[in-house]
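Report on one structure; see the data block that follows.
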Amino acid sequence: MTASLILGLQLKELLAPFGIMHFYTDGWGAYRRHLDPSTHTIGKQQTQKIERKHITFRTRIKRLTRKTICFSRSILMHDLVFSLFITRYEFGYAV
């Protein structure tokens with residue numbers, strides 16, 4: 001087995017408990033070799049949505065590094081802010 005095959009299989013095993021059944025990637029050859037064409041889409045349309053979520057999340061977690069008005073030393077406050085963020089942006093519930 002090649003290293004890319006082993007890593008690809010390990011990644012699929014890690015994603016399985018989350019119910020991820022479809023993969024959106026770029027056109028890298030390893031993806032084509034190791035992912036079933038019926039569950040694999042090549043393109044940027046879906047990855048742009050994912051990257052938008054990531055940048056929004058990175059913007060929100062700046063509160064962990066800044067010691068300004070947005071900074072809190074309370075672990076509880078950090079947990080609450082992240083929970084509210086995930087509830088709002090991942091599940092669409094306005095809280």
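In the range 73-84, is there at least one residue being of a type outside the set (A, V, I, L, M), at pLDDT below 80 and surrounded by 10 or more Cβ atoms within 10 Å (Cβ to Cβ)? Outline the logic, then answer.
Taking the range 73-84 first, the residues of a type outside the set (A, V, I, L, M) are 73-74, 78-79, 82-83.
Subset that is at pLDDT below 80: 73-74, 78, 82.
Next, only the ones that are surrounded by 10 or more Cβ atoms within 10 Å (Cβ to Cβ) stay: 78, 82.
For the range 73-84, residues of a type outside the set (A, V, I, L, M), at pLDDT below 80 and surrounded by 10 or more Cβ atoms within 10 Å (Cβ to Cβ): present.
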Original post:
Is one or more of the residues making up the range 53-63 open to solvent by less than 70 Å² (accessible area, probe 1.4 Å) and among the basic types (Lys, Arg)?
Top reply: yes
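The values are calculated or read from the model by the stated rules, or taken from the named source; none is laboratory data. All figures in this text were calculated on a predicted structure; none of them were measured in a lab. Every residue, glycine as well, gets a Cβ built from its backbone with ideal geometry; the counts of neighbours run over all protein chains shown. Note: accessible area is taken over every heavy atom of the protein model, side chains too, but ligands, DNA and RNA are not part of it. Shrake-Rupley method; radii C 1.70, N 1.55, O 1.52, S 1.80 Å.
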